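Notes follow once the structure below has been shown.
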Amino acid sequence: MSKPNIINFIVTIILALILSQFLPWWSVMVAGFVSALFFSLKKSAVFFVPFFAILLFWVVYAVMVSSGNDFTLAKKISVLLYLGGNPYLLILVTGVVGGLAAGVSALLGKQLSILGGR
Amino acid sequence: MKYIKLITTLVLTLVVFYCLNTKLGSIPPIGKFLDPVSGVWQNDTNEVIDGNVTIKGLSAPVTIHYDEHLIPHVFAQNDADLYKAQGYITAKHRLWQMEFQTHAAAGRLSEIVGENAIDYDRRERRRGMAYGAEKALEKMKDDPEAIAFLEAYRDGVNAYIESLDTKSIPVEFKLLDYKPEPWTIKKTALLLMYMTKMLAGGDDDLEYTNVLRKFGQERFDLLFPDFFDVNDPVIPKETDWSFIDTEKTKTPRSELPLDTIRETIEKPHPDNGSNNWAVSGAKSATGNPILANDPHLSLNIPSIWFVMQLSTPNHKTMGATLPGALGVISGFNEHIAWGETNATRDVLDWYKIEFKDDTRTQYKHDKQWKNTSVRVESIKVRGAQTVIDSVIYTHHGPVTYDHNFKSDNERAGYAMKWVGHIGGNNQRPFLALNKAKNYDDYVDALKTYTAPAQNFVFASTEGDIALWIQGLFPNKWEGQGKFLMDGSNPDHDWQSFIPQAFNAHVKNPERGFVSSANQHPVDESYPFYVFNDGYETYRNRVINSFFSSKKKFSVDDFKALHNNNYNLKAAELLPHMYAHMEDSGLTPDEEKLLEELKGWDFYNDIDKVGPSIWRAWWHALYPMIWDEFDSEDEALTSPFTYQAIYLLKHHPEDPFMDILDTPEKETANDLFLKSFKEAATYLTEWKAKHGDYNWGDFKGTYVGHLLQGLPAFSRFDLPIGGDANIVNATSKNHGPSWRMIVEMSSPPKALGIYPGGQSGNPGSTYYDNFIDDWAAGNYHELNFMQSDTATSDIISTQTLTPSSNE
């Protein structure tokens, strides 16, 4: 991983962590967007770096919240969302959903940063 | 190019945002829902049940001790604080259910779930549910203290709602993507209406009218007699009614309108009912009276019940509460215990209304045109336009059926007369029972109770046992309200009510026990008109013969009776069928099946196959008898099980036994063979698909989540025996929703359990932790705390404190 990638990755997570304390779930979109504005990446990294950053953030957060409760609800929600009752699959889906949101908004951020001449 | 890319990514971002932030069909807004910071992950936790919580308007601190079952033991300094704390604590564990049930009662489910619920909501509006709740509130206003308690409860619930944020609202709100609205005292009235509908909202008047028109009076009376040939009533037969000095209303000379009614509104579950009983000290192994209650309702989770102890320095009460209502509903205090079964009386009638013209502003009554009124019901629908339904009201009640609803005549309709619309302060009697100290207090408490009529069983530490059948009952003329009546004839109106003191009751009977199981309340000697309106005929006889079988009974006997799986219905018919079926027509496989059945001892235990074969046979047989009742053009109802079996045994050649579609003329004995063959085929197919048909698997009892039985939040394939019409009345999704046994020692000792758990949060270990014990027939000892000092049985304590800046 190149240095800008690492910086973007870390900044995205830190931003998401801070913003999520007072913004709704779309704080991760803001995080992806803002870090793309200021820490511009190239090619597929534009999407995938924030994608994996938020995927990691949401996966870790979900595990931290749920593991203390033996994934009791996670198992049920996994049934509800047709994931066969597997809590780990639900955790993965959670990460992908968060990552997707952040990655897509990062694409927008990147386009704006290009426009701004960065 | 730059701009095209910018716009593309902007659109893409917005689309992704929209899709992840919006509920699409039954899929929750997936980004919002799965966000671990504030979405559903935050509910994956047990509840916080310690620490201090500040609540506005409390006058003194309230202590709440939780025991190992998450049962809260509330200790308040006065009643207002007590009910405020009850509201807060109940909401804390059951908020979504409280909101959902009262929305259902009010016909407001479309606001939550959208267009699919419009039909449901219209029906509830046309039933006049909110109208009834408003009437009830009017009556309650005469009791300022009760209103003050309702308001305290409301404030308690709202204190909890205000404490919630995006993270902490219950799972179902996140799933359906909406927010709780503030609680109101009307919601408590709506919940009581919900119970009234469930337990006193059934009738078959319109179906009976069709049956009467189709088959004539004589045939009708054979199929639907006022009394069956056996009757073991709630109030023992030997009761002397000579103290009653009010006469039954005289039957007027008049005619009934014999209309053809195509379809009627959905009725409450026919198995809604219960058992209760009590033995006197003389009949009890310990010398203390013992009382039991088990209400049979749809098996839902979160459960309709929430167990609490409610205490002030003046009283301590414990038992099952109804989330949304105040006090304990089925329970005990230091002096008395009480419980309810449904009294099932005909308190809902229909009147044919003749309108003057298409404007329907006037209707005929007592040879005059009288004015109607209109209640405009606007049903808000999530994601769609509000539906407006104008319901016309007469002095009888709402004109439920008219050309806008299940009927097509512009100048006629059917109006509902229902005790649920009369209004009543049905919260007060429970508050009074909670504090009652003896028989007289119990009788006083019940006096003003109107609906849903219940058989209130009672036992006291003083040694009394009793049972009052309490509700507001019209004093009807012979036959009144069995069929559609003439809404223009004032003689058809309800003329008066049975004076409360003449409601059937029994205190300390010689036989040493009282019991009820939704059977006929009385025998023919009771001076008021009561007809068989779907009375149970099996559980009562098993219960009463059990209590006549020996001299003394213990708590263990009570447990055994709750869990008694004896199938009296099968025992009364099967031997007859064995003797009369022409079994030479059976294939070897069918013969084997019959032999298997013959080996059955009539107990519906989970490991037996007999109950499954019996069930399959009966389910094939019953509709064969009543094929005459298959009709799409008119709403009909076929006879009750007991009478069907009576006819099979005593009128085997009755024309009803014939199957109309066949050229032959069948008798009951032919039906036995035909239906057995059909059952055999069904069981073979079932076995191929699901494996062995032992009763537990065949029945497949489940407890379904309140929201359309969401499988993820429900519990399936519970290993429990019994069935409808059995003392252990557990059928597929219906049965003992609460089981309680109380021995009237000082203080009383009690056992209780229900198929659910105290927490409404599917993420809590307390969500469904009672279910396995319930299915196994086990009980939990209810820890009736005598002081607010925590003992070792207490897992956690929370204090509600008044806010200091008031």
Any idea of B:LEU14's accessible area? Nearest 10 Å², probe 1.4 Å.
-> 100 Å²
Rg and Dmax of the protein assembly as shown over Cα atoms: what are they, in angstrom?
-> 30.8, 102
Here the stretch B:342-355 yields Karplus 3J(HN,Hα) values (6.51, -1.76, 1.60; θ = phi - 60°; whole Hz; Gly and Pro given as x) of 6, 8, 6, 10, 7, 10, 9, 10, 10, 10, 7, 10, 10, 8
Please report, to one decimal in angstroms, the Kirkwood hydrodynamic radius of chain B built from all distinct Cα-Cα pairs.
-> 28.3 Å
What shape does the stretch B:105-178 take by its C-alpha gyration tensor, where a ≥ b ≥ c are the square roots of the eigenvalues and a/c under 1.5 counts as rounded, a/b above b/c as prolate, and the rest as oblate?
-> oblate
Within 10 Å of each Cβ of B:14-26, how many other protein chain Cβ atoms are there on average?
-> 3
Measuring from the lowest to the highest alpha carbon on each principal axis, how far does the stretch B:488-562 reach, largest first, in angstroms?
-> 56, 24, 19
Short version: which residues of the stretch B:701-737 lose at least 50 Å² of accessible area, all chains versus chain alone, 1.4 Å probe?
-> B:ALA712
Is the stretch B:137-201 rounded, prolate or oblate when judged by the Cα gyration tensor, a ≥ b ≥ c being the square roots of its eigenvalues, rounded requiring a/c under 1.5 and prolate requiring a/b larger than b/c?
-> oblate
Counting Lys +1, Arg +1, Asp -1, Glu -1, what net charge surrounds B:THR239 among other residues with beta carbon under 15 Å of its beta carbon?
-> -3
Of all DSSP beta bridges with both partners in chain B, the antiparallel percent, nearest 5, is 85 percent
For the stretch A:1-40, which residues drop by 10 square angstrom or more in accessible area between the chain on its own and all protein chains together (1.4 Å probe)?
-> A:SER20, A:GLN21, A:TRP25, A:TRP26, A:MET29
Between the stretch B:371-440 and the stretch B:780-806, the alpha-carbon center distance in angstrom | 41 Å
Computed over chain B, the relative contact order (Cα-Cα under 8 Å, seq sep at least six) in percent reads 20 percent
Between the stretch B:219-273 and the stretch B:34-81, the alpha-carbon center distance in angstrom = 48 Å
Going toward the positive end of the dipole of the protein assembly as shown, with +1 on Lys and Arg Cβ and -1 on Asp and Glu Cβ, which of B:THR791, A:THR94, B:HIS335 do you reach last?
-> A:THR94
Computed magnitude of the charge dipole of the protein assembly as shown (debye, nearest 20; Cβ of K, R +1, Cβ of D, E -1) = 4320 debye
Taking protein heavy atoms only, a 1.4 Å probe, and rounding to whole percent, the accessible area of the protein assembly as shown owed to carbon and sulfur comes out at 53 percent
Kindly compute the accessible surface that chains A and B hide from a 1.4 Å probe when together, both sides summed, and give it to the nearest 100 Å².
-> 3300 Å²
Can you work out the base-10 log of I(q)/I(0) for the stretch B:241-337 at q = 0.15 1/Å, using the Debye formula on its C-alpha atoms alone?
-> -0.92
Express in whole angstrom the spacing between the alpha-carbon centres of the stretch A:1-40 and the stretch B:640-683.
-> 75 Å
With the other protein chains left in place, how much accessible area per residue, in square angstrom, belongs to the protein assembly as shown at a 1.4 angstrom probe?
-> 38 Å²
Have a look at the DSSP beta bridges in the protein assembly as shown and tell me what percent are antiparallel, nearest 5.
-> 85 percent
Expressed in nm to one decimal, what extension gain is obtained for the pair B:LYS665 and B:ARG123 from 0.36 nm per residue of sequence separation less their Cα-Cα distance?
-> 190.9 nm
Under a 1.4 angstrom probe, counting protein chains only, how are B:TYR693, B:TYR208, B:TYR566 ranked by accessible area, largest first?
-> B:TYR566, B:TYR693, B:TYR208
So, with +1 on the Cβ of K and R and -1 on the Cβ of D and E, and no other charges, what is the size of the charge dipole of chain B about its Cα centre, to the nearest 20 debye?
-> 2320 debye
Could you give P(r) for the stretch A:1-50, binned at 10 Å from zero, as whole percent values over all Cα-Cα pairs?
-> 30, 53, 16, 1
Before anything else, pin down the relative contact order of the stretch A:3-115: Cα pairs under 8 Å, at least 6 apart, normalised by residue count, whole percent.
-> 38 percent
Karplus-derived 3J(HN,Hα), 6.51/-1.76/1.60, for each residue of the stretch B:31-47, Hz, glycine and proline x = x, 4, 5, 8, 4, x, 7, 9, x, 5, 4, 5, 8, 7, 6, 6, 6
Taking H placed 1.01 Å from N in the peptide plane, check which residues at least 5 places from B:GLY114 or on another chain put their amide H under 5 Å from its amide H.
-> B:ARG382
Total charge dipole magnitude, chain A, about the Cα centre, Cβ charges on Lys, Arg, Asp, Glu only, Debye to nearest 20 = 340 debye
Got a sec to turn the phi values of the stretch B:301-313 into Karplus ³J(HN,Hα) couplings, 6.51 cos²θ - 1.76 cosθ + 1.60 with θ = phi - 60°, whole Hz, x for Gly and Pro?
-> 9, x, 5, 5, 9, 9, 8, 8, 10, 10, 9, 10, x
Residues of the stretch A:53-97 that bury at least 50 Å² of accessible area, probe 1.4 Å, when all protein chains are present rather than the chain alone, are A:TRP58, A:TYR61, A:VAL65, A:ASN69, A:LEU73, A:LYS76, A:ILE77, A:LEU80, A:LEU81, A:VAL97
Considering only B:ALA579, B:THR637, B:TYR566, whose Cα is most displaced toward the positive end of the charge dipole of the stretch B:548-652, charges sitting on Cβ of Lys, Arg (+1) and Asp, Glu (-1)?
-> B:TYR566
Where the eigenvalues come from the Cα gyration tensor of the stretch B:13-147, what are the semi-axes √(5λ) of the equivalent ellipsoid, largest first, in whole Å?
-> 34, 28, 12
Determine, for each peptide in B:370-378, B:293-301, the mean count of other beta carbons within 10 angstrom over its residues, then list the peptides with the highest first.
-> B:293-301, B:370-378
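The values are calculated or read from the model by the stated rules, or taken from the named source; none is laboratory data. Here the structure is a predicted model, which is why all the values come from computation and not from measurement. Positions of Cβ are backbone-derived with ideal geometry, glycine not excepted, and every protein chain shown enters the neighbour counts. For accessibility, only protein heavy atoms count, side chains too; no ligands or nucleic acids. Shrake-Rupley method; radii C 1.70, N 1.55, O 1.52, S 1.80 Å.
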